[in-house]
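Below: the structure, in structure tokens.
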Amino acid sequence: MIKIFIPLLLLLSFRGFSQKSIFWYDPVSVADKTYGNLHPRVVLDKSDNPVVLWGDINGTAYISKWNGTSFSEPVQVNTDGVHVFTESWAGPEIASRGDTMYLVYKQIPEEKGHIIIKHSYDGGKNFSIEQEVEDSGIYLTRFPTVAIDPYGNPLVAFMKFDEGFINPEYVVAKSTDLGDSFSHYALVTDYSGGKISDCCPATVIESANATVALYRDNLRGIRNIWAGISTNGAGSFTKGIQVDYTNWSSSACQPNAPHGIIISDTIYSVYMSGGDSSLIYLSKTSLSGLSTVSFPVTGNFTGLVSQNFPRIANSGNATAIAWEQSVGSNTQICMSFANDITKEFPSKYDTIVKGVLSNTDVAVGSGHVFIVWQDDSSGRVISRVGRFAETIENKMLAENTTIALITAKNGKYFTVYLPGITSCLMIDLQGKEYEMDMKCKKNVCKVNIEDMDPGVYIVRIFGKDDKVYNYKYEVKPIPEKPEK
């Protein structure tokens, strides 16, 4: 990635930083204002070059890809004559895993249009023809969002209604043939006890251990964020947990979507709540223990009017949160960053830009943070790049996706739940590799660590079809049994 992205860094002048770990370069325009600027989204290809998706007021969606020296001329991704639902707060969405990308959007008018998915296997250079995700003749749909499972298959979450836009609920449709067809729709929103906020988009996220859909509930006007959890590849969502305890009471529907990532056993979700001022929050939720800790990212401070539309992205454990906020009469795009979110998240943040702004997105890869936002003064999508010192540990974690491990109480082994495991390595922080002994039965493997020296390792699990999963693991001394 560095060789490809160096030309951009040469074009941009250094501007300094307020978080000591991030060095920022000048903003650049993604496209001319004639292409619009609504609801920008950014993902990375396998070389960690940015690919940006957005829409315009005429219902057209565009893609632009970094080509080594600048962003490419935008390419229309929707079929001529098929208009895409796009507003500042909702619109087309995109997910990537290496050079495999899926984008989804809703045709308008909403009461007649389908949810459409398109795929690219070359990092966003070319996209397939349109493929319908659902049968809109049976019910009404809106707000699609997409994730990719470890095998390259898409999962699409969307809101569905009965005729007349009543009885809203979120469902997830799963494909096992790379998006050519979709299975039945698994209901997500059974656990929160109320209806969902029917103007609020959701987020679907995926790891090797779980599929999670984050959505805003409406329990008699209380607008908390919930997570629906599947541990069978989105076949069904058999668990649910509240990740937001601010108890925001609002008679008006709130279009403030949550967002999230999964690192090993933990869901990190971000959301806005007006329960105590209009603040953004970060929640940490254990998938195995179903317990949540939540706190405001910055808290209230002098001059703050509101915060909104947070997004979160990671590469290994290096994690960034971006959001929009109003301070006095100024609108700002801001970002907070942690080299290892599993240890802490700083309350300090960088102000990326001030002006007439709305909606932002963020991606992280190869020691860089990529921010895009909707600049309403110029009518363009703007991008900015920050550089941070990536640790060797994080480089090993970021190579592929993460997986959760369960340590035995006696500390002599850990257990991995994953189909098709072929081998396991443990790598110390000096890069030395250790081939591990495993005992596997069906989809469960026990890995013996009795002979490993205490210390921090990267566990690397190799699965079928050349899939690789990483986990940061600490081997602790095994207590000796007292002599009788």
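The values are calculated or read from the model by the stated rules, or taken from the named source; none is laboratory data. Nothing here was measured: the structure is a model prediction, and the numbers come from that model. Cβ atoms come from the backbone with ideal geometry, glycine included; neighbour counts cover every protein chain shown.
Residues of segment 296-324 being small (G, A, S) and within 20 Å of the chain's Cα centre (by Cα), which ones?
Within segment 296-324, A313, S315, G316, A318, A320, A322 meet the criteria.
Can you tell me which residues in segment 137-164 are farther than 24 Å from S88 by Cα and free of Cβ contacts under 8 Å to residues at least 40 places away in the same chain?
Matches in segment 137-164: G137, I138, Y139, N153, D162, E163, G164.
Residue check: is R384 closer than 27 Å to D149 by Cα, of a type in the set (K, R) and modelled with pLDDT of 95 or more?
In short, no.
Got a number for residues in segment 42-59 being assigned to a strand (DSSP E or B) and closer than 18 Å to V362 by Cβ?
Number satisfying all stated conditions: 8.
Which ones in segment 216-247 are part of a strand (DSSP E or B), among the small types (G, A, S) and at pLDDT below 95?
S230, G240
Take the residues of segment 470-484 that are over 21 Å from N339 (Cβ atoms) and under 33 Å from the mean Cα position of the chain (by Cα): which is modelled with the highest pLDDT?
V475
What strands (runs of 3 or more DSSP E), lying completely within segment 91-179, carry at least 3 residues that are closer than 18 Å to I63 by Cα and under 20 Å from the mean Cα position of the chain (by Cα)?
93-97, 100-108, 115-120, 140-148
For I196, are the conditions met, namely being of a type in the set (V, I, T), closer than 22 Å to L290 by Cα and at pLDDT below 95?
When the stated conditions are applied, I196 passes them.
Among the candidates S336, S347, S283, single out the residue that is at pLDDT below 95 and over 23 Å from L38 (Cβ atoms).
S347
Within 30 Å of T298 (Cα to Cα), modelled with pLDDT of 95 or more, among the small types (G, A, S) and surrounded by fewer than 22 Cβ atoms within 10 Å (Cβ to Cβ): which single residue out of S29, S21 fits that description?
When all the criteria are applied, what remains is S29.
Which of the residues spanning segment 274-309 are assigned to a strand (DSSP E or B), surrounded by 14 or more Cβ atoms within 10 Å (Cβ to Cβ) and of a type in the set (V, I, T)?
Within segment 274-309, I280, T285, T292 qualify.
How many of the residues in segment 219-252 are under 14 Å from G274 (Cα atoms) and either aromatic (F, W, Y) or in contact with a strand residue (DSSP E or B) (Cβ under 8 Å, 6 or more places away or on another chain) (or both)?
The qualifying residues number 11.
Considering only residues that are assigned to a loop (DSSP other than H, G, I, E, B) and either of a type in the set (V, I, T) or touching a residue at least 12 places away in the same chain (Cβ under 8 Å) (or both), which ones fall in segment 248-261?
The answer is W248, S250, S251, C253, Q254, P255, N256, A257, P258.
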